[in-house]
Structure formats: C-alpha cells, structure tokens
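First comes the structure, then the notes that go with it.
The values are calculated or read from the model by the stated rules, or taken from the named source; none is laboratory data. Please read all numbers here as calculations on a predicted model, not as lab measurements. Using ideal geometry, Cβ is built from the backbone for each residue, glycine included, and neighbour counts are taken over all protein chains shown.
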Amino acid sequence: MKSKKIRGYTTLKDVAKKANTSVATVSYILNGSKDRYVSDELRERVLKAAKELNYMKSSMASSLKGKKRGVIGVIIPQFENVFFIRIVQAIEEVAQDLNYIIATCSSGDNPEKEKQIIERLIQQRVDGFIISPTIKGKENIEIIREIGIPYVIIDRSIDNKKDHDFIESDNKGGGFIATEHLLDYGHRNIGFIGWDVEIENLKERLEGYMEAMKKRNLKVKDNWIEVGDLSRNEGYRMTEKLLQDQSISAILFGNHVLAEGGIMALRDKGKKIPQDISVVLIGSPKWTQIGVIKFTCVKQSEAEMGKMAADRLFSIINSTTNELKHIQKKVKNKILIGESVKKIEKKIKEEF
C-alpha cells in the first residue's frame with residue numbers, strides 16, 4: 001500500500017490563501033488580538049480555514065514551509081525499560097550521522113500524555129516521528145497523518161499494520177523459540193507468565209508458546225498460563241500462583257519486568273534455579289548476565305529495530321517523491337543460552 005502524500009505543516013500563508021485574506025490578518029486573528037476591528041464573518045472564515053487545514057500554531061518565531069529543522073520526535077512508553085532505551089540509542093546514532101538531533105519523550109503508557117506530547121512536538125515543527133504507541137495510539141497519531149508529517153511506528157502495532165511504516169520484534173517467534181528450547185531440554189510441563197495487554201502483536205508471545213507446545217502434541221493446562229499487569233509485583237504474584245501446580249518444571253516469562261518479580265518469588269519460596277525449576281525470559285537486560293547465574297533469554301535485537309526505524313524515517317523525510325510504499329518489517333530474535341535451564345534426561349510424567 002502506498003503512503004499518504006507527505007504534505008508538511010500548514011503555514012499562515014496557506015490559511016490566508018484559503019480564507020482569501022492577508023497573512024497579517026490571519027496572524028492577527030489566530031493570535032487572538034482584538035485591538036483593531038475585524039468583522040465576525042472574516043474572523044469565522046479564517047478560523048474555519050485554519051481548522052480545515054489542521055493549522056497548529058508554531059512555538060518557533062518563524063517557520064517556513066518545506067524548511068527542515070533537523071529534529072525528529074521519538075516517543076516511547078517506558079523510560080525505565082532497557083528495551084526502549086536501546087532502541088532510542090540506535091535511533092540517535094543514525095540521527096547524529098545525518099546531523100539531526102532527537103527529542104525523546106516518554107508517554108508513560110498514558111494515552112492522554114501521548115496526545116499532549118504529539119501536539120507539543122508538532123508545535124515545535126519536528127521533521128518526523130518514531131513512535132511506540134499506547135493503546136490509543138491510532139487515535140493520537142491521526143493529527144500526524146492529517147498534516148502529512150513523516151512517521152514510523154515501532155514495536156507496538158496499531159489496528160492496520162499496512163497503512164503505515166511499522167518495525168516490530170518477532171514476538172510470536174520469540175515465544176516459540178523460548179518454549180522450544182525448554183522442550184529440547186526435556187521439559188513438558190511449562191508455565192507461561194505474560195502481560196495482559198490490548199496491543200495485538202504483544203499477545204503473540206503467548207501464541208508462540210502455544211504453537212511450540214502444539215507442535216510436540218502437548219496439551220496445556222489452563223492453570224499453566226498466567227497473565228496480568230506489567231509490574232514486578234504482578235510477576236511475583238503470578239509466579240506464586242503458578243507454583244501451586246507442583247508438576248511445572250519450567251517457567252517462560254514473556255517480559256523481563258515480570259521475570260524480575262517472578263525470580264524474587266522463586267527465591268523467596270526457596271526454589272533453586274535451575275535445580276528446582278528452570279527459567280527462560282523474553283528480553284535481555286544486563287541483570288540476566290551478571291548475577292550468580294546467567295539466565296537463558298530471548299534477545300530482541302533492539303539496536304537493529306531502532307536503526308531500521310530511523311533509516312526508514314529519514315528515507316521518507318529526504319524522499320524526492322510524495323508517494324512511497326509502506327514497509328512492515330519483523331526483526332528476528334535469538335536465544336542467548338545461559339545456566340537457568342536444567343536438562344531433563346528422563347521424560348517428565350504429564351498429568352492431565
């Protein structure tokens with residue numbers, strides 16, 4: 001599918017042309033000045049033209065149509081998440097090579113905050129956006145689409161992946177290879193702990209787990225799967241609940257934040273890793289490799305994702321054509337083998 005024509009920011013000159021008046025008059029009305037007479041009809045005509053053209057007042061003293069500022073906006077949902085920090089670092093490296101800077105903001109997974117950030121960055125006349133959206137991302141980026149500002153969505157899908165440029169991690173593949181690794185080590189009763197989220201492609205980690213189990217003709221008990229909020233406390237709680245089934249020999253954590261809480265729960269319960277229970281997690285924060293044991297984890301290639309998104313955005317910004325075909329890229333994951341998985345020589349007896 002072809003991208004929407006890149007139109008760029010609406011200027012005072014554009015509004016003046018549509019309203020059939022002067023730039024000075026448009027500036028006077030839009031600034032709310034009232035020290036000279038302007039007819040109600042003219043005022044309404046200017047305001048209507050500004051609304052129809054999605055005009056947003058610039059915070060810059062001057063903004064010339066077509067002039068690049070050398071700034072892109074990067075919006076991520078979690079500053080504390082190393083996954084996103086690695087993505088931002090890769091974006092910044094590409095930007096610096098092209099003499100751009102990045103304005104990085106965190107939405108805190110708050111849709112209203114995301115909307116405010118987008119509006120503020122538009123007022124700053126950024127040249128483009130890279131966004132990992134909240135659950136209301138589709139609605140919040142509509143103003144970007146309407147104005148025609150170049151943008152790339154990264155990591156989290158919005159409804160229709162084909163009507164915009166999208167770079168994501170292979171979430172389903174990550175869940176699959178993590179589960180397959182445990183199966184190859186002889187585990188059959190494998191628990192899954194994940195994030196209960198409305199973002200469709202992030203649900204695919206659980207789908208990958210289910211597909212790997214199905215491929216080995218293994219049934220999955222309902223109480224082997226726990227999903228909840230994304231927090232260490234929830235990871236702790238769900239792990240405690242999973243441990244009520246003593247047949248479980250391994251746990252796959254679908255997110256490293258949940259794994260932090262889950263591993264605390266295992267240690268508090270006196271469970272030794274991997275002697276008593278094996279652990280694999282999706283994500284590869286530094287703590288997985290510097291503790292008493294190195295954890296087996298799925299590396300998500302964040303740097304590759306960030307570079308790919310930045311390269312794509314700058315291709316759009318610097319394109320000499322107004323029509324570009326959208327791309328969707330899925331970046332493969334790989335297993336980093338550590339010491340957190342015990343090899344079971346004898347097949348575990350399954351209870352159904």
Q) Within the range 23-50, how many residues turn out to be of a type in the set (S, T, N, Q) and in a loop (DSSP other than H, G, I, E, B)? A) 3
Q) Quick one: how many residues across the range 110-127 are out of contact with any Gly (no Cβ under 9 Å at 6 or more places or on another chain) and crowded, with 18+ Cβ neighbours inside 10 Å? A) 2
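Test Val74 against the criterion of being surrounded by 18 or more Cβ atoms within 10 Å (Cβ to Cβ) and either over 30 Å from Ser319 (Cβ atoms) or modelled with pLDDT under 75 (or both), and give yes or no. Outline the logic, then answer.
Numbers: surrounded by 18 or more Cβ atoms within 10 Å (Cβ to Cβ): yes; either over 30 Å from Ser319 (Cβ atoms) or modelled with pLDDT under 75 (or both): no.
Spelling it out, it is not the case that Val74 is surrounded by 18 or more Cβ atoms within 10 Å (Cβ to Cβ) and either over 30 Å from Ser319 (Cβ atoms) or modelled with pLDDT under 75 (or both).
Out of contact with any strand residue (DSSP E or B) (no Cβ under 8 Å at 6 or more places or on another chain), more than 30 Å from Gly73 (Cα to Cα) and not assigned by TED's automatic domain parsing to the domain that holds Gln96: which single residue out of Glu339, Glu345 fits that description?
Step by step, each of Glu339, Glu345 is checked, and only Glu345 is out of contact with any strand residue (DSSP E or B) (no Cβ under 8 Å at 6 or more places or on another chain), more than 30 Å from Gly73 (Cα to Cα) and not assigned by TED's automatic domain parsing to the domain that holds Gln96.
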Q.
Conditions first: (1) surrounded by fewer than 18 Cβ atoms within 10 Å (Cβ to Cβ); (2) modelled with pLDDT under 75; (3) not acidic (Asp, Glu). Ser22 passes all but one, so which condition is the exception?
A. (2)
Q) Of the residues that sit in the range 220-235 and are under 24 Å from Ile335 (Cα atoms) and more than 22 Å from the chain's Cα centre (by Cα), which one is surrounded by the most Cβ atoms within 10 Å (Cβ to Cβ)? A) Glu226
Q: Scan the range 92-130 residue by residue and report those that are assigned to a helix (DSSP H, G or I), modelled with pLDDT of 95 or more and among the β-branched types (Val, Ile, Thr).
A: Val94, Ile117, Ile118
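Which members of the range 167-202 meet the condition of being in a helix (DSSP H, G or I) and out of contact with any helix residue (DSSP H, G or I) (no Cβ under 8 Å at 6 or more places or on another chain)? Spell out the reasoning first.
Applying the first criterion (in a helix (DSSP H, G or I)) to the range 167-202 yields 171-184, 200-202.
The answer is His181, Leu182, Asp184, Glu200.
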